[in-house]
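So the structure is just underneath, and the comments pick up after that.
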Amino acid sequence: MSENSVGISVPFVSSESVEKKLYARVTWRLMPLLFISYIIAYLDRVNVGFAKLQMLQDLKLTNTVYGLGAGLFFIGYFFFEVPSNIILHRVGARKWIARIMISWGIISAATMLVKTAGMFYFMRFLLGIAEAGFFPGIILYLTYWYPSYWRGRMVALLIAANPVSGLIGGPASGWIMQSLAGKFGWAGWQWLFLLEGLPAIVMGIMVYLYLDDRIRNATWLSEEEKQVLEKNIEAEAQEKQSHSLREAFGSGMVWLMSLIYFCLLMGMYGVTFWLPTIIKATGVKSVLNVGLLTSIPFAAGVIGMILISRSSDARQERRWHCAVPAAISCISLILSTIYGKDTILAVMFLSLAMAGSLSALPAFWILPTAFLGGTAAAAGIAVVNSIGNLSGFLGNYLVGWLTDLTHSTNSGVYVLAFAAFVGAALVITLVPSKLVNK
């Protein structure tokens, strides 16, 4: 409520311009912290792709061992994703996201101590357990603050941390491994795990001190501003069907979303974890140059996500904004193998593939959040994300196994391309129109 010139309380009325400024303020308060946190999360998840360039030779490991180890992260992630998100919904994002970040930072740094394949498998599995619930937790957290017509661009901004992480992490990882190799008797890949694990611990502390669980907890908002934000969330909640936890697990739509996400992520994770290896196979020798070249596909991913997500929100259309980028990723992955001996062409097509696979994700994540609410949303989002992330296990293992079998990454890349094609086809043919036009 606010007072007029004669001191009488009147309802606070929000114009479109006032509301836009209010959401801009909320975004500047929340998103920088979440964005940086997700950059660090993704960096710790995929830095193993760079460590591989030295670690396999030092520890006498095979590509199959690497693929299995990289993928075991997603098995730990799978088993603890749903309970983690339900706990977050109950205890609050501030405490739980901080716990997630601090624990994964410690485990990521401790991976420098790995000596055997068994230790590598264990640490990757443990890292998955520690990080489980982080991304779906943030997706759930955004539903507490933003209605769907704002949430698309927020999800896009969050997921843009993936390519930004690669943009920063590629050159940084290459530099660490080349410049610090041998310092204090540690290999370059050991320095990599140590130095890229510590920021997660620092940011976990920042999240605990800075993040607000809900609109009502935000001391930096006035009562009138809180009412505007809460009214928008409540209005959207009334349009969602009421689901119990059991119904979320039994929903055919939740499982369809999980399958689509599985296919979309298989292409993205496959490219991400094997990108340094693929680029090195084009004839690039220096690990620093490999790191610099990997930043190009991630830069393309940033640009693609910004353009596609803006178009999707402006048109309030999700189907084609998800399916077309996925199809582009499929075609580009195939072309990257055809021209795999030409560094320039291979990087160009890998850039298109990365842009396509990443650009499909913001439009996709509007779909499950459009029909789930409450505890069912916490569970449903986690189910979709955890099953989707199993593709990280299957894709990495298949690429590693096929690489050892054929002595080339091409066969594995074809599998990733096929997965992207299936994801696009499922979105076009099976997702209801009421979800893709929101």
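Specify the residue that is modelled with the highest pLDDT; the eligible residues are those in the range 45-74 that are part of a helix (DSSP H, G or I) and of a type in the set (D, E, K, R). So that I can check it myself, show each step before the final result.
The first filter runs over the range 45-74 and keeps only residues part of a helix (DSSP H, G or I), leaving 45-46, 48-59, 63-74.
Filter once more, so that each one left must be of a type in the set (D, E, K, R): 45, 52, 58.
Details: 45: 74, 52: 88, 58: 91.
Within the range 45-74, the match that is modelled with the highest pLDDT is 58.
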**Prompt:** Within the set of pairs 6+ apart or on separate chains, which have a first residue in the range 41-54 that is closer than 21 Å to residue 101 by Cα, a second that is surrounded by 24 or more Cβ atoms within 10 Å (Cβ to Cβ) and among the β-branched types (Val, Ile, Thr), and C-beta atoms under 6 Å apart?
**Reply:** 46/272
**Message:** Restricting to the range 60-109, name every residue that is more than 15 Å from residue 136 (Cβ to Cβ) and among the polar types (S, T, N, Q).
**Reply:** 62, 63, 64, 103, 108
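If you take the residues of the range 12-41 that are out of contact with any strand residue (DSSP E or B) (no Cβ under 8 Å at 6 or more places or on another chain) and not in a helix (DSSP H, G or I), which of them is modelled with the highest pLDDT? Quick ask: steps written out before the conclusion?
Residues of the range 12-41 that are out of contact with any strand residue (DSSP E or B) (no Cβ under 8 Å at 6 or more places or on another chain), as a first pass: 13-41.
This time we only want the ones that are not in a helix (DSSP H, G or I), so: 13-15.
Numbers: 13: 48, 14: 54, 15: 66.
Only one residue tops the list, namely 15.
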**Item:** Filter pass, residue 233 being more than 26 Å from residue 52 (Cβ to Cβ), outside any loop (DSSP other than H, G, I, E, B) and modelled with pLDDT of 90 or more
**Value:** no
**Prompt:** Just for the range 125-179: of the residues that are of a type in the set (D, E, K, R) and surrounded by fewer than 24 Cβ atoms within 10 Å (Cβ to Cβ), which one is farthest from residue 84 (Cα to Cα)?
**Reply:** 153
**Item:** First in the range 287-308 and under 15 Å from residue 343 (Cα atoms) and in contact (Cβ under 8 Å) with a residue 60 or more places away in the chain, second anywhere and among the aliphatic types (A, V, I, L, M) and outside any helix (DSSP H, G or I), Cβ under 6 Å, 6 or more apart
**Value:** 290/284
**Prompt:** Which residue pairs have Cβ atoms closer than 7 Å, lie 6 or more positions apart in sequence or on different chains, and pair a first residue in the range 104-126 that is without any contact (Cβ under 8 Å) to a residue 60 or more places away in the chain with a second residue that is not in a helix (DSSP H, G or I)?
**Reply:** 117/61; 123/114
**Request:** Being among the β-branched types (Val, Ile, Thr) and surrounded by 15 or more Cβ atoms within 10 Å (Cβ to Cβ) is the filter; apply it to the range 201-233 and report the residue that is farthest from the chain's Cα centre (by Cα).
**Result:** 228
**Message:** List the helices (runs of 4 or more DSSP H) inside the range 346-438, counting only whole elements, that have at least 3 residues being touching a Leu at 6+ places or on another chain (Cβ under 8 Å), within 30 Å of residue 61 (Cα to Cα) and at pLDDT 85 or above.
**Reply:** 374-406, 410-430
**Prompt:** For the range 80-111, what are the residues that are farther than 18 Å from residue 41 by Cβ and surrounded by fewer than 19 Cβ atoms within 10 Å (Cβ to Cβ)?
**Reply:** 83, 86, 90, 91, 92
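The values are calculated or read from the model by the stated rules, or taken from the named source; none is laboratory data. Since the structure is predicted, the reported quantities are computational estimates derived from the model, not experimental observations. Heads up, the Cβs are rebuilt from the backbone with ideal geometry, glycines too, and the neighbour counts pull from every protein chain shown.
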